[in-house]
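The values are calculated or read from the model by the stated rules, or taken from the named source; none is laboratory data. This one's a predicted model, so the numbers in the text were calculated from it and none came from an experiment. For neighbour counting, all protein chains shown are included, and Cβ atoms are generated from backbone atoms with ideal geometry for every residue, glycine included.
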Amino acid sequence: MSHSPFGLFGRPAGDPGFTVAIEIGTDLYDLELEQQCRILELTGRPGADFDQSATGCARVVYELPHTGWVQAGTDALDVLQAVLGEFEVFGAEICRSDLWAEEPIFPTMPSEVSTGRPPDQDLTVVTVELDSSVRRSTADLGRALLELRAVGGAHCTPAPEDRHHLILTMPNRSSLVSASAVAGKCLIPVGHMWQINRVRVVESQTYHLELEDRARYHPPRVPDWQFALGGEDGRMVVVPDGSANLHGWTVASRQSDGQKHTAELTRDLVWIDEAGLVNLLGHGDRIEAWTATLPGSALLTSFATPQGTEFLVDRWDGMTNWLVETLVRNGSGLIVDLGPGGYVAPVDDVDDDDLELADVLDPDDEVINAQLHVLDDGVVMVRRSRTVLRRLRLGDHSVEGLELDVWHHDGHFDDCTDGYLFTSDLHLAASACTAWFRDHGGLEALDALGCDYSFADALPATDREDA
């Protein structure tokens with residue numbers, strides 16, 4: 001027997017061994033202790049135990065160390081036949097043990113979910129995952145499909161980490177054991193061309209039930225999210241839709257020094273106010289949501305499903321949520337200046353007292369800037385300009401007499417070329433800045449974006465408790 005790390009005739013590189021899972025047709029929590037003991041007895045493999053499938057059914061799982069695909073497949077067929085004699089079985093799977101440790105649920109991709117339609121007849125579905133560590137040509141992929149099409153319909157769909165899934169459907173004229181044996185023979189020539197990560201054989205009704213479940217609860221997109229306001233122990237990411245099934249989902253973040261962090265989404269109680277902003281301050285209605293805490297001021301970069309499918313967070317959405325969080329955390333007098341981080345305004349050598357705006361701004365030098373100025377009563381002033389915006393020295397931060405939620409283009413501020421807005425809608429204020437940079441420079445402007453804060457100064461007050 002060849003000891004090549006590729007295919008059914010050899011062990012995978014590193015000799016990780018294989019994990020076998022037999023899917024029982026009973027919910028894991030409905031399986032009586034006596035039934036569990038009997039299934040383990042029929043399995044007859046040391047270390048065998050139970051876990052839960054994607055649809056909540058019980059799976060008996062065991063490992064086969066130092067084993068090639070042929071031996072693992074033969075052993076799995078023996079156990080499958082033994083368990084089938086007394087229990088209903090939906091399917092079976094063989095997987096490299098190192099991969100199983102990271103992805104215990106077969107990672108069906110959104111592209112397969114979108115095309116999954118329940119068949120008119122009972123079929124057996126075989127899914128084969130091909131590894132991507134060694135690149136193969138499209139012609140090799142086509143030849144692999146031809147081998148499978150000798151016994152049924154077959155197509156290819158993308159998988160995580162640039163892998164491929166070969167989907168084979170076979171008429172269910174016989175048992176899962178017979179279907180598995182036929183599929184195994186077809187995979188022998190495929191294994192000469194590709195390294196196979198895992199093979200799963202399952203009844204079509206179970207397969208399409210899983211697809212329906214994932215299409216409903218795991219949409220192929222980033223779920224709506226925001227940062228919770230008022231968090232003290234890091235930045236909390238919140239998905240307010242508590243009805244979504246995000247069990248096993250994780251979020252990834254990156255700190256300013258480049259360090260990366262991963263956290264799992266868990267269910268927690270938070271508050272949501274009338275404006276739809278999630279907070280930890282007790283403002284509004286209390287709801288159950290999905291949350292994850294990021295370290296320090298880390299920025300959210302992606303969401304990932306339990307199957308390993310990664311969804312990158314739109315950077316503009318991230319900027320908007322970050323600005324909202326910043327506005328809430330600070331009171332009246334806060335000024336947030338946004339603009340190109342490396343820009344230095346040309347200034348003549350004059351005293352500050354004699355400096356006029358015309359001395360600072362070059363009319364031919366367009367610089368996209370935005371400014372947020374927090375006023376009283378939760379109102380924010382947004383200013384957008386193609387020149388550098390100066391920091392206003394307001395007499396007070398009262399909002400009496402201001403017209404809200406209307407863009408003003410009256411030239412009241414000589415440094416504000418593209419209007420100003422007063423609003424108590426923090427998301428609107430943040431989005432106005434995000435859209436300004438997105439529409440005038442795109443991602444290049446975002447990459448070069450700089451930010452500066454100015455906080456209101458407080459006079460000493462020895463008789464105040466917060467002094």
Residues that are over 30 Å from His165 (Cα atoms): which strands (runs of 3 or more DSSP E) entirely in region 274-339 hold 1 or more of them?
285-294, 299-304
For Arg383, are the conditions met, namely being outside any loop (DSSP other than H, G, I, E, B), of a type in the set (Lys, Arg) and within 19 Å of Gly339 (Cβ to Cβ)?
yes
Total residues in region 73-87, condition in contact (Cβ under 8 Å) with a residue 40 or more places away in the chain and closer than 15 Å to Ile39 by Cβ
10
Picking from Leu361, Leu357, the residue that is more than 30 Å from Ala252 (Cα to Cα), crowded, with 19+ Cβ neighbours inside 10 Å and at pLDDT below 75 would be Leu361
With the first residue restricted to region 309-331 and required to be surrounded by fewer than 19 Cβ atoms within 10 Å (Cβ to Cβ), and the second required to be in a helix (DSSP H, G or I) and of a type in the set (Ser, Thr, Tyr), Cβ contacts under 8 Å at 6 or more apart or on different chains are Trp316/Thr434
Against the condition under 27 Å from Trp100 (Cα atoms), at pLDDT 80 or above and crowded, with 16+ Cβ neighbours inside 10 Å, how does Ala289 come out, does it pass?
no
Report whether or not Trp249 is surrounded by 14 or more Cβ atoms within 10 Å (Cβ to Cβ) and at pLDDT 85 or above.
yes
So Arg214 passes all but one of these: (1) crowded, with 21+ Cβ neighbours inside 10 Å; (2) modelled with pLDDT of 80 or more. Which condition number does it fail?
(2)
Which numbered condition in (1) assigned to a helix (DSSP H, G or I); (2) surrounded by fewer than 20 Cβ atoms within 10 Å (Cβ to Cβ); (3) modelled with pLDDT under 90 is the only one that Ala13 fails?
(1)
Can Asp348 be described as out of contact with any Leu (no Cβ under 9 Å at 6 or more places or on another chain), assigned to a loop (DSSP other than H, G, I, E, B) and either at pLDDT below 80 or on the phi > 0 side of the Ramachandran plot (or both)?
no
